[in-house]
1. Check region 151-170 and report whether any residue there is away from the ligand (no atom under 12 Å from the Cβ), farther than 22 Å from GLY251 by Cβ and among the basic types (Lys, Arg).
2. Please go through region 32-73 and pick out each residue that is among the charged types (D, E, K, R) and farther than 17 Å from ARG237 by Cβ.
3. Please name all residue pairs, on different chains or six or more residues apart, with Cβ atoms under 6 Å, provided the first residue is in region 64-92 and is within 16 Å of the ligand (Cβ to nearest atom) and the second residue is among the acidic types (Asp, Glu) and part of a helix (DSSP H, G or I).
4. Would you please list the contacts, defined by Cβ atoms under 6 Å and residues six or more apart or on different chains, that run from a residue in region 144-158 that is assigned by TED's automatic domain parsing to the domain that holds LEU38 and free of Cβ contacts under 8 Å to residues at least 40 places away in the same chain to a residue that is away from the ligand (no atom under 16 Å from the Cβ) and not in a loop (DSSP other than H, G, I, E, B)?
5. Regarding ALA242, is this residue in contact with a helix residue (DSSP H, G or I) (Cβ under 8 Å, 6 or more places away or on another chain) and of a type in the set (Gly, Ala, Ser)?
6. Would you mention how many residues in region 201-239 are in contact with a strand residue (DSSP E or B) (Cβ under 7 Å, 6 or more places away or on another chain) and among the aliphatic types (A, V, I, L, M)?
7. Please enumerate the residues belonging to region 168-180 that are surrounded by fewer than 24 Cβ atoms within 10 Å (Cβ to Cβ) and farther than 30 Å from GLU147 by Cβ.
8. From the residues in region 218-237 that are among the aromatic types (Phe, Trp, Tyr) and part of a helix (DSSP H, G or I), which one is surrounded by the most Cβ atoms within 10 Å (Cβ to Cβ)?
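The values are calculated or read from the model by the stated rules, or taken from the named source; none is laboratory data. Nothing here was measured: the structure is a model prediction, and the numbers come from that model. As a convention, Cβ positions derive from the backbone with ideal geometry for all residues, glycine included, and neighbour counts pool all protein chains shown.
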Amino acid sequence: MLDEVIAHLRREAEIGGYRAAAERAEDLEQGYDVIAELVGCERDEVAFTDSATRSWLTAFDAIPLGKGDRILVTEVEYAGNAVPLLRRAEETGAVIEVIPSDHSGQVDVEALGELLDERVKLVSVVHVPTNSGLVNPAKEIADKAHEVGAIVMLDACQSVGQVDVRGTGVDILSFTGRKWLRGPRGTGALMVRNEVRHKLHPRLVDMHGGEWTGPNEIRLRDDARVFELWEYSYADRLGLIAAAKFALDKGIGEIEREVAERAKRLREGLSAIPQVEVRDIGKRKSGITTFTVEGVEPQTVKQRLYEQNVTVSVSPGNSTLLDTTKRGLDEVVRASPHYFVTDDQIDQAVEAVSRSVR
Ligand SMILES: Cc1ncc(COP(=O)(O)O)c(C=O)c1O
């Protein structure tokens with residue numbers, strides 16, 4: 001991945017951006033097949049963007065909404081989606097409602113069924129939240145929501161690259177290159193099913209997504225690339241394609257198995273430390289492992305772990321405000337052990353957490 005990005009940047013410096021792009025035109029075009037294979041869709045349902053957020057925003061912005069329309073979100077809705085959701089609700093008069101979770105913490109599909117009617121236009125689902133190991137039951141949610149014709153958007157930012165998203169049956173799916181795919185920052189992709197795209201009104205369209213056909217005439221593209229812009233980083237896109245191929249070559253099922261094993265080991269190790277509370281919810285769990293340490297702020301835990309060469313992050317409470325409010329939580333420490341992390345490294349991380357408690 002890195003070689004791909006650096007080699008292309010070099011090539012751009014050597015022969016110029018246009019010629020360098022022409023040399024890689026076929027690979028860039030094949031990128032649509034690679035992403036289609038990764039998420040389980042047709043190549044004309046794929047658009048490349050510059051982040052998961054951009055993917056989500058551009059698709060959400062295109063969904064027609066009016067007064068009295070209902071939007072359902074999960075308890076683990078992400079702040080980056082909540083802000084545009086709330087703004088749009090204010091502008092249009094659409095209302096946002098929260099689907100309750102069951103006792104395990106995942107979306108309660110039965111409760112969703114009771115909320116649904118033909119005024120529900122959108123169900124926004126976070127597959128794997130930013131602050132917990134939960135994997136929401138995307139297929140069951142999509143099947144249920146489709147009974148009333150609602151559009152189902154899946155925020156798969158934290159799942160693509162660690163959890164199989166194929167077969168979820170959602171209409172719109174967004175993800176990033178920079179997380180579990182281990183691709184470059186500043187990359188992302190979007191899947192929009194053809195049947196649904198025809199119901200959308202993409203708004204931020206330039207001369208790539210639309211063609212200027214007469215002084216007062218334009219024609220929009222008839223594929224998901226209507227959501228792309230003409231300009232982008234070719235080097236980064238090649239990096240994202242390489243990262244996606246890498247994941248496909250290893251096998252998504254295999255990655256999922258190996259990640260789950262590591263997260264289980266980590267959760268077991270952390271749970272054995274009396275001052276540590278593992279905060280992951282849900283029946284099915286991903287690699288994201290979250291915890292808090294009694295009497296030590298998450299930022300301090302992170303810093304103490306950094307000093308011991310263990311890299312974790314902290315998920316702020318308001319990035320998943322509904323969930324953290326419900327659980328009476330604020331920040332949590334987040335570890336994301338990927339398949340290349342060894343058992344020894346996991347054990348060392350647990351040991352480092354024990355030392356941070358003291
Ligand atoms: C669940 C979820 N959705 C969306 C995003 C946004 O991703 P990006 O910042 O790469 O656009 C994040 C980032 O942490 C996330 O955790």
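1. no
2. The answer is GLU42, ASP44, GLU45, ASP61, LYS67, ASP69, ARG70.
3. Final answer for the pair search is GLU75/ASP323; VAL76/ASP323.
4. LYS144/VAL109; LYS144/LEU112; LYS144/GLY113; VAL148/VAL120; VAL152/ALA142; VAL152/ALA145
5. On the way: in contact with a helix residue (DSSP H, G or I) (Cβ under 8 Å, 6 or more places away or on another chain): yes; of a type in the set (Gly, Ala, Ser): yes.
When the stated conditions are applied, ALA242 passes them.
6. 5
7. Filtering region 168-180 down to residues surrounded by fewer than 24 Cβ atoms within 10 Å (Cβ to Cβ) leaves 169, 178-179.
Across region 168-180, the qualifying residues are ARG178, LYS179.
8. Here is the first cut: in region 218-237, the residues among the aromatic types (Phe, Trp, Tyr) are 227, 230, 232, 234.
Now narrow it down to the ones that are part of a helix (DSSP H, G or I): 227, 234.
Working: PHE227: 28, TYR234: 20.
That would be PHE227.
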